[in-house]
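> If you scroll down you'll find the structure; I have some questions about it.
The values are calculated or read from the model by the stated rules, or taken from the named source; none is laboratory data. Note that the structure is predicted; figures quoted are calculated from it, not measured. Virtual Cβ from ideal backbone geometry, glycine too; neighbours counted across all protein chains shown.
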Ligand code: 4AD
Ligand code: MG
């Protein structure tokens, strides 16, 4: 039976494998022809490191195989694991039989063995998962998804699925993708759903329904925003984790978010060591230390009003001016996390007017029980709040925000029938992957990025 290269190279006790037969498969990274034998560096994506395969010239059909052994070709090998004389790996595979599955033209293959820019690699997204960086990104991404389920399941949150097709603009930003089956969509009553529908920008409102019966839930699904943002932090299609907790206030919300972020970071520090060392060496020097600092110290807390003060006194020229009541730009968020706090910081109690209608009004009447978590290098990674559970206050907010009451009848009824204090947040999954890997651009931490003008593959 075939085994993954990871099981060989990361075996608990490699010496116990010496002399054992193994059957592996993968893609050739490099070949070195040493006349009486050839070295193949084989990778199957299960781990960063390659398995060294030695192909002796005495192997039958060696002469006809050799020209086919080129970078990018796929093959299966059976042989014996032997102690490696090289210092990079404990074991290597001495081939007894080798079969090329798919050859690869070494001249035309776009992924030649050299450094490519991330921009170029995006244009060959069908091949870029075979690069060291993309492989490491996708393994860390996988570990973060698993950590997400581990964390919430261990706290008895139910994993629920909220709709992708929806009629409601949860965030009120109006940045939604319309769904239609009509060529000329003037008469909406003839459209598939008989009314305007969109791809969801957030599962929160439906999440609140489910939390109003099941206590604690979380979603983990695709999210769509038709923002015309060309930044390294925005995608048109991204994944979001949205926990929602009943019988919870803003304080419980912030605690949950901080614990969840730390759990994820701890998980990758423990489970993805080889990949993190790679990022530390080639992508962000000091990454592992930065992540260890995140786990070991409490996050900072600053109310919005105080943050505005800090920014006004900052020894720094910002592109966008700050004043009480304005939304913070990424330059302000990054200053607070990177330079002022030098660690993740939770900003709370934003002005009601710059946040969504559903956030709970504070006693000052001007601010809401909102919280954003800002982290160095990225800015906002989490946005959350306590929700308005008081029917009369919510009704007033719907009027103030010029929303249509009839669109929210069910949301209001949740406040009429057994309303409870509740709170939740949303974490942008790709921003978490950026945070954990030190990668610079969000387009390089999702296999097939969608952003304005780009929906290839
Ligand atoms: O702050 P946002 O808009 O909050 C919500 O959608 C709430 N309904 C969440 C909740 O309380 N349940 O988005 C949440 C997070 C942001 O903090 C950011 O990390 C990420 O989603 N995000 C994006 N990530 C990539 N590309 C985009 N265009 C993003 N927009 C938001
Ligand atoms: Mg936000």
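> Would you call residue 133 within 19 Å of residue 275 (Cβ to Cβ), in contact with a strand residue (DSSP E or B) (Cβ under 6 Å, 6 or more places away or on another chain) and modelled with pLDDT of 95 or more? Please lay out each step first, then the result.
On the way: within 19 Å of residue 275 (Cβ to Cβ): yes; in contact with a strand residue (DSSP E or B) (Cβ under 6 Å, 6 or more places away or on another chain): no; modelled with pLDDT of 95 or more: yes.
When the stated conditions are applied, residue 133 does not pass them.
> Still on this structure: For a quick check of your reading of the model, give me the residue pairs whose first member lies in the range 209-237 and is within 23 Å of residue 413 (Cβ to Cβ), whose second is in a loop (DSSP other than H, G, I, E, B) and within 11 Å of ligand 1 (Cβ to nearest atom), with beta-carbon atoms closer than 6 Å and at least 6 apart or on different chains.
Correct list of pairs: 219/162; 219/203.
> One residue is enough: does the range 331-347 have a residue meeting the conditions touching a residue at least 60 places away in the same chain (Cβ under 8 Å) and out of contact with any helix residue (DSSP H, G or I) (no Cβ under 7 Å at 6 or more places or on another chain)?
No; the residues of the range 331-347 include none that is touching a residue at least 60 places away in the same chain (Cβ under 8 Å) and out of contact with any helix residue (DSSP H, G or I) (no Cβ under 7 Å at 6 or more places or on another chain).
> Please find, within the range 98-112, the residue that is nearest to the chain's Cα centre (by Cα) out of those that are within 30 Å of residue 450 (Cβ to Cβ) and in a loop (DSSP other than H, G, I, E, B).
111
> In the range 194-235, which residues are under 18 Å from residue 444 (Cα atoms) and more than 16 Å from ligand 2 (Cβ to nearest atom)?
222, 230, 232
> Return only the number of the condition from (1) surrounded by 14 or more Cβ atoms within 10 Å (Cβ to Cβ); (2) touching a residue at least 40 places away in the same chain (Cβ under 8 Å); (3) within 17 Å of the chain's Cα centre (by Cα) that residue 269 does not satisfy.
Single failed check for residue 269: (2).
> May I ask you to verify whether residue 177 is in contact (Cβ under 8 Å) with a residue 60 or more places away in the chain, in contact with a strand residue (DSSP E or B) (Cβ under 9 Å, 6 or more places away or on another chain) and within 15 Å of ligand 1 (Cβ to nearest atom)?
no
> Still on this structure, I have one more. Within the range 306-329, restricting attention to residues that are in a helix (DSSP H, G or I) and buried (at least 17 other Cβ atoms within 10 Å of the Cβ), which residue is nearest to the chain's Cα centre (by Cα)?
Pass one, the range 306-329, residues in a helix (DSSP H, G or I): 306-312.
Of the ones still in play, those that are also buried (at least 17 other Cβ atoms within 10 Å of the Cβ) are 307-308, 311.
Working: 307: 27, 308: 29, 311: 29 Å.
Residue satisfying both the conditions and the ranking: 307.
> Same structure again: Being in contact with a strand residue (DSSP E or B) (Cβ under 7 Å, 6 or more places away or on another chain) and free of Cβ contacts under 8 Å to residues at least 40 places away in the same chain is the requirement here; does residue 201 meet it?
In short, yes.
> Considering only residues that are touching a residue at least 12 places away in the same chain (Cβ under 8 Å) and outside any strand (DSSP E or B), look in the range 12-24 and name the one that is surrounded by the most Cβ atoms within 10 Å (Cβ to Cβ).
17
> Is it fair to say residue 48 is in contact with a helix residue (DSSP H, G or I) (Cβ under 7 Å, 6 or more places away or on another chain), in a loop (DSSP other than H, G, I, E, B) and at pLDDT 95 or above?
Taking the combined requirement at face value, the residue satisfies it.
> Further question: Among the residues of the range 407-429, are any part of a helix (DSSP H, G or I), within 14 Å of ligand 1 (Cβ to nearest atom) and touching a strand residue (DSSP E or B) at 6+ places or on another chain (Cβ under 9 Å)?
Keep residues of the range 407-429 that are part of a helix (DSSP H, G or I), which gives 407-416, 429.
Next, from what is left, pick out any that are within 14 Å of ligand 1 (Cβ to nearest atom): 411, 429.
Filter once more, so that each one left must be touching a strand residue (DSSP E or B) at 6+ places or on another chain (Cβ under 9 Å): 429.
The answer is yes, given that some residue of the range 407-429 is part of a helix (DSSP H, G or I), within 14 Å of ligand 1 (Cβ to nearest atom) and touching a strand residue (DSSP E or B) at 6+ places or on another chain (Cβ under 9 Å).
Residue by residue, here is whether (1) part of a loop (DSSP other than H, G, I, E, B); (2) in contact with a strand residue (DSSP E or B) (Cβ under 7 Å, 6 or more places away or on another chain); (3) without any contact (Cβ under 8 Å) to a residue 12 or more places away in the chain; (4) away from ligand 1 (no atom under 13 Å from the Cβ) holds:
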position	(1), (2), (3), (4)
353	no, no, no, yes
372	no, yes, no, no
381	no, yes, no, no
384	no, yes, no, no
432	no, yes, no, no
436	no, no, no, yes
439	yes, no, no, yes
448	yes, no, no, yes
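> Looking at residue 169, is it surrounded by 12 or more Cβ atoms within 10 Å (Cβ to Cβ), at pLDDT below 95 and part of a loop (DSSP other than H, G, I, E, B)?
Yes: the conditions hold for residue 169.
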